[in-house]
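The values are calculated or read from the model by the stated rules, or taken from the named source; none is laboratory data. Since we're looking at a predicted model, the values are computed, not measured. Backbone-built Cβ (ideal geometry, glycine too); neighbour counts: all protein chains shown.
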Ligand SMILES: [Zn+2]
């Protein structure tokens, strides 16, 4: 899937979309899921290539997802190594039990804390929230909010 953003083109791989679809909170009791996003940046093209899936170390409930730092770091290191440093951390994703999701204040606070506290290779980061009918994408450039994009899931 290709999305035209203000400053660049964003491409989300089929394998990432497949994982997003797998965790949509359709069942009334399914918990929130999430993980991290990794990919490559070339000039004004950003490829989201992979995302981690929930691990046993995460805390998950119907209305909360708190990912484990250890599992995420392992995923990032692996991708970095396999790609010889081309594939880097690009942000976070999680699901919401809503048709059209929007981030909570806690979501934004946690996301900013994560991208501010870490040593990162990219100046672009994404916070993606998967709802039942649409996907909400918030883009941060130089650790500041830049743009939001909403994609209907049936368009994917
Ligand atoms: Zn949330």
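Quick notes
- Considering 32, 40, the condition of being closer than 22 Å to residue 149 by Cα, in contact (Cβ under 8 Å) with a residue 24 or more places away in the chain and within 13 Å of the ligand (Cβ to nearest atom) is satisfied by 32 alone.
- Qualifying residue in region 69-78 (condition: closer than 22 Å to residue 1 by Cα, more than 13 Å from the ligand (Cβ to nearest atom) and modelled with pLDDT of 95 or more): no
- When we screen 83, 66, 61 for residues that are over 21 Å from residue 134 (Cα atoms), surrounded by fewer than 16 Cβ atoms within 10 Å (Cβ to Cβ) and within 16 Å of the ligand (Cβ to nearest atom), the only hit is 66.
- If only residues of region 99-109 that are surrounded by 13 or more Cβ atoms within 10 Å (Cβ to Cβ) and over 13 Å from the mean Cα position of the chain (by Cα) are counted, the one that is nearest to residue 146 (Cα to Cα) is 102.
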